[in-house]
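S.K.: What follows is a structure written as structure tokens; I'll ask about it next.
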Amino acid sequence: GENVEQHPSTLSVQEGDSAVIKCTYSDSASNYFPWYKQELGKRPQLIIDIRSNVGEKKDQRIAVTLNKTAKHFSLHITETQPEDSAVYFCAAPSKTSYDKVIFGPGTSLSVIP
Amino acid sequence: DTGVSQDPRHKITKRGQNVTFRCDPISEHNRLYWYRQTLGQGPEFLTYFQNEAQLEKSRLLSDRFSAERPKGSFSTLEIQRTEQGDSAMYLCASSTPSGRAAYNEQFFGPGTRLTVL
């Protein structure tokens, strides 16, 4: 079956430090790789996405890198703040359906003040 | 509120009962997705629609689950003969149509939390 692996499952950093979350995937049918943030008790919300015609994308303190040859992509958060504490999900395109993504199991990030 | 809405937000039922959930997507969105999320896991794909057409249903989904989107707007997800293992958060998401070269952001609803006793 289709599977997206995500590591680590939990991550604790000091405020101001960087956090890195990594994901790997199998074959994909499209080129769209989104990242979602889910705060406790709330709905997932898109924070950044990347298409496979670029290798890196940055939006303020958040950046995503993609290595399509190796089938892995990463989320980088710099200068972490307590409000960054949440569960982060990567998602990769389904290999069988153009319009579907498969979510990773999530990384619980805690930023310690 | 012009976002995705779901009703009810919480549902407690006894094993064996049928339940139905509703999702209202963002009005101009043609695609609608249903997911199931359990504690410590990411959203698990169940099914999705392009307008009123159901384009794919997860092979993990038993025949007790059915979804409809009769007029291409709101959608319902029904679970028949509920089991304790059905207890989860059921999320709905909608997105704009995608061309061959693009895939668009999914906007999630707040979810319906189902508890089967």
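S.K.: Out of the residues in region B:12-23 that are in contact (Cβ under 8 Å) with a residue 60 or more places away in the chain and either of a type in the set (S, T, Y) or open to solvent by less than 60 Å² (accessible area, probe 1.4 Å) (or both), state the one that is nearest to B:M89 (Cα to Cα).
M.R.: Residue satisfying both the conditions and the ranking: B:F21.
S.K.: Limited to region A:42-54, what total is found for residues that are within 12 Å of chain B (Cβ to nearest Cβ), open to solvent by 50 Å² or more (accessible area, probe 1.4 Å) and closer than 16 Å to A:A92 by Cβ?
M.R.: Of all residues in region A:42-54, those within 12 Å of chain B (Cβ to nearest Cβ) come to A:42-53.
Subsequent filtering for residues that are open to solvent by 50 Å² or more (accessible area, probe 1.4 Å) retains A:42-43, A:45, A:51, A:53.
The next check asks that each one be closer than 16 Å to A:A92 by Cβ; those that pass are A:51, A:53.
Residues meeting the conditions: 2.
S.K.: Here's another thing I want to ask about it. For region B:52-90, give me each residue that is touching a residue at least 60 places away in the same chain (Cβ under 8 Å) and either surrounded by 14 or more Cβ atoms within 10 Å (Cβ to Cβ) or in a strand (DSSP E or B) (or both). Let's see the steps before the verdict.
M.R.: To start, the set of residues in region B:52-90 that are touching a residue at least 60 places away in the same chain (Cβ under 8 Å) comprises B:78-84, B:90.
B:E78, B:I79, B:Q80, B:T82, B:Y90, listed by residue number.
S.K.: Would you mention how many residues in region A:73-89 are in contact with a Gly (Cβ under 7 Å, 6 or more places away or on another chain) and hydroxyl-bearing (S, T, Y)?
M.R.: Looking only at that region, the number is 2.
S.K.: So, of the residues in region A:99-113 that are surrounded by fewer than 21 Cβ atoms within 10 Å (Cβ to Cβ) and not hydrophobic (A, V, I, L, M, F, W, C), which turns out to be farthest from the chain's Cα centre (by Cα)?
M.R.: First, pick out the residues of region A:99-113 that are surrounded by fewer than 21 Cβ atoms within 10 Å (Cβ to Cβ): A:99, A:105, A:108, A:110-113.
Filter once more, so that each one left must be not hydrophobic (A, V, I, L, M, F, W, C): A:99, A:105, A:108, A:110, A:113.
Working: A:D99: 19, A:P105: 10, A:S108: 11, A:S110: 15, A:P113: 23 Å.
Going through the qualifying residues, I end up with A:P113.
Conditions (1) more than 25 Å from B:E44 (Cβ to Cβ); (2) touching a Pro at 6+ places or on another chain (Cβ under 8 Å); (3) surrounded by 15 or more Cβ atoms within 10 Å (Cβ to Cβ), marked per residue:
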site	(1), (2), (3)
A:D17	yes, no, no
A:C23	no, no, yes
A:D27	no, no, no
A:L40	no, no, no
A:E56	yes, no, no
A:A63	yes, no, yes
A:L66	no, no, yes
A:H76	yes, no, yes
A:E79	yes, no, no
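S.K.: Mind counting the residues in region A:19-42 that are free of Cβ contacts under 8 Å to residues at least 40 places away in the same chain and charged (D, E, K, R)?
M.R.: Residues meeting the conditions: 1.
S.K.: Here are some conditions: (1) crowded, with 16+ Cβ neighbours inside 10 Å; (2) more than 11 Å from the chain's Cα centre (by Cα); (3) of a type in the set (S, T, Y). A:T96 meets all but one. Which one does it not meet?
M.R.: Of everything listed in (1) crowded, with 16+ Cβ neighbours inside 10 Å; (2) more than 11 Å from the chain's Cα centre (by Cα); (3) of a type in the set (S, T, Y), A:T96 misses just condition (1).
S.K.: OK, next. Can you name the residue in region B:33-51 that is in a strand (DSSP E or B) and farther than 25 Å from B:E83 by Cα and, of all such residues, is nearest to the other protein chains (Cβ to nearest Cβ)?
M.R.: B:Q50
The values are calculated or read from the model by the stated rules, or taken from the named source; none is laboratory data. Remember, predicted model here, so these are calculated numbers, not experimental data. Counting neighbours? That spans all protein chains shown, and the Cβs are built from the backbone with ideal geometry, glycine included. These area figures cover heavy atoms from the full protein model, side chains too; ligands, DNA and RNA do not enter into them. Shrake-Rupley method; radii C 1.70, N 1.55, O 1.52, S 1.80 Å.
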